[in-house]
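The values are calculated or read from the model by the stated rules, or taken from the named source; none is laboratory data. As the structure is a computational prediction, the values presented were derived from the model and not from experiment. Using ideal geometry, Cβ is built from the backbone for each residue, glycine included, and neighbour counts are taken over all protein chains shown. The accessibility values were calculated without ligands, DNA or RNA, using every heavy atom of the protein model including side chains. Shrake-Rupley method; radii C 1.70, N 1.55, O 1.52, S 1.80 Å.
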Amino acid sequence: MKIGITCYPTYGGSGVVATELGKALASKGHQIHFISYALPHRLNHFIENIFFHEVEMSNYPLFEHNLYTLALTSKMLEVIEFENLDLVHVHYAIPHATSAYLARQILRKSKSDIKVITTLHGTDITLVGLEPSFLPLVKFSIEESDGVTAVSRFLKEKTLINYHIEKEIDVIYNFIDTEIYKRVSNENFKKMVAPENEKILMHTSNFRPVKRVSDTIKILERVKKEIPAKLVLIGDGPDRSECERLVRELNLQKDVFFLGKQDALAELLSAADIFLMPSQSESFGLSALEAMSCGVPVVSSSVGGLPELVVHNETGFIAEFGDIDRMSKYVVSLLNNEKKYQTFSQNCRNTAVNVFNKDIIVPQYEQYYDKILGS
Ligand code: GMT
């Protein structure tokens, strides 16, 4: 199959899923054409069957705001025609689903056709998509897509309810390469962070307000009263300065490590005892899955799609978002019970391998493509 994939090329989870999907499909012999404004960051070396097409932006002085949606449409049209694509699969509805819709309509004028599949990831539906300036267009673009998938049951239900849509939406969960995300020895890092063998709590995110990163610091403060512990924060974003300020205010400078953006995540996650995800909204929680695949139990909020991933009292614990006391108690109780901890850790790895494995989920996308192309 010849497939066009459009996604945000940055560190966000939707871009990661789109890029890993493209790589997995390419390894199975499909020809994949990424169309975006920059090279997705996980495509940093040559991979057979993968091509990248950069969307060029005009800087004409009259256009005070950039017209990316239109430039993307034109690039999609060019690639669809020149490369003879079978379908375009866009990740994150805004504005990608709208550009793909426009491209398809333009092609229909010249009697050719292309199938458009939209995968919904999160805030495109639960947050920014609901803003009045986007809502009608998001609803329309979803309704007009030939196929729509969502990364959790929660997100599917939210889409149908919030946008009054009656369309069939298939749930295809996010996936993980369990051969890359697995526990490896990382004694040097452990020694650096926890020289006295303290327990290590970890969190990775883009430090957006919705992630509630400051809650992880408040959890550490409470946990430390019961067990010697450290906190490692990976990633960067708007809330980082505020978190650094909170660390100083609580006098936790020696206990909290800000690593910034990192690539070798499996090595870092392998050093963790508990992964924290106290988000206010989370349609799936890909970084929690990355941790679970490395055998790290998760203590998270119970919002969105998280309960579909973090099974309470099996692979971790969930609590209402903002309930820092309860999350801290869960961390302490799990870290104090070695037998239970080992069972949870094994459950996490098993869930990643048996439920969310790349080899299980990627064929679901292939079957979905066949279904849409045959319809
Ligand atoms: O929706 C976002 O905030 C951005 C998006 C991304 O690009 O990181 O994150 C969403 O998609 C991920 C991949 O499917 C999910 O794992 C995240 O849970 C989801 N984020 C939210 O729902 C806040």
For this session: Scan segment 110-140 for residues that are within 18 Å of the chain's Cα centre (by Cα) and assigned to a loop (DSSP other than H, G, I, E, B) and report the count.
Result: 3
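State all residues of segment 211-230 that are charged (D, E, K, R) and in a helix (DSSP H, G or I); if no residue qualifies, say none.
First, the residues of segment 211-230 that are charged (D, E, K, R): 211-212, 215, 218, 221-222, 224-226, 230.
LYS211, ASP215, LYS218, GLU221, ARG222 - these are the residues of segment 211-230 that are charged (D, E, K, R) and in a helix (DSSP H, G or I).
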For this session: Only residues in segment 29-58 that are touching a residue at least 12 places away in the same chain (Cβ under 8 Å) count as the first member; pair them with residues that are of a type in the set (Gly, Ala, Ser) and part of a loop (DSSP other than H, G, I, E, B), Cβ under 8 angstrom, at least 6 apart or cross-chain, and list the lot.
Result: ASN49/GLY29; GLU54/ALA38
Exercise. Just one of the numbered conditions (1) closer than 16 Å to ILE5 by Cα; (2) open to solvent by 10 Å² or more (accessible area, probe 1.4 Å); (3) without any contact (Cβ under 8 Å) to a residue 60 or more places away in the chain; (4) touching a helix residue (DSSP H, G or I) at 6+ places or on another chain (Cβ under 8 Å) is not true of LYS115; which one?
Worked result: (3)
Exercise. If you check TYR37 against the conditions, is it within 15 Å of the ligand (Cβ to nearest atom), over 23 Å from SER287 (Cβ atoms) and at pLDDT 95 or above?
Worked result: yes
Exercise. Here are some residues: ASN347, ASN313. Which one is in contact with an Asp or Glu (Cβ under 6 Å, 6 or more places away or on another chain) and open to solvent by 40 Å² or more (accessible area, probe 1.4 Å)?
Worked result: ASN347
Seminar exercise, completed: Taking segment 141-174 and keeping residues in a loop (DSSP other than H, G, I, E, B), free of Cβ contacts under 8 Å to residues at least 40 places away in the same chain, within 16 Å of the ligand (Cβ to nearest atom) and open to solvent by 10 Å² or more (accessible area, probe 1.4 Å) leaves none
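Take ASN206 and tell me if it is in the same structural domain as ARG326 (by TED's automatic domain parsing) and within 14 Å of the ligand (Cβ to nearest atom).
Yes: the conditions hold for ASN206.
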Seminar exercise, completed: Out of (1) crowded, with 20+ Cβ neighbours inside 10 Å; (2) free of Cβ contacts under 8 Å to residues at least 40 places away in the same chain; (3) within 18 Å of ASN174 (Cα to Cα), the one ASN354 does not meet is (1)
Seminar exercise, completed: Given the conditions (1) over 24 Å from the mean Cα position of the chain (by Cα); (2) at positive phi, every one holds for SER74 apart from (2)
For this session: State which residue is farthest from the ligand (Cβ to nearest atom) when the search covers only segment 123-140 and only residues that are closer than 16 Å to TYR8 by Cα and open to solvent by 10 Å² or more (accessible area, probe 1.4 Å).
Result: VAL128
For this session: Spot the failing condition for MET57; the list is (1) open to solvent by 40 Å² or more (accessible area, probe 1.4 Å); (2) modelled with pLDDT of 95 or more, and only one is missed.
Result: (2)
Seminar exercise, completed: Filter segment 74-94 for residues that are in contact (Cβ under 8 Å) with a residue 40 or more places away in the chain and open to solvent by 20 Å² or more (accessible area, probe 1.4 Å); the one that is farthest from the ligand (Cβ to nearest atom) is ASN84
Seminar exercise, completed: Requiring at least 1 residues that are without any contact (Cβ under 8 Å) to a residue 40 or more places away in the chain and within 16 Å of the ligand (Cβ to nearest atom), the helices (runs of 4 or more DSSP H) wholly within segment 231-307 are 286-293
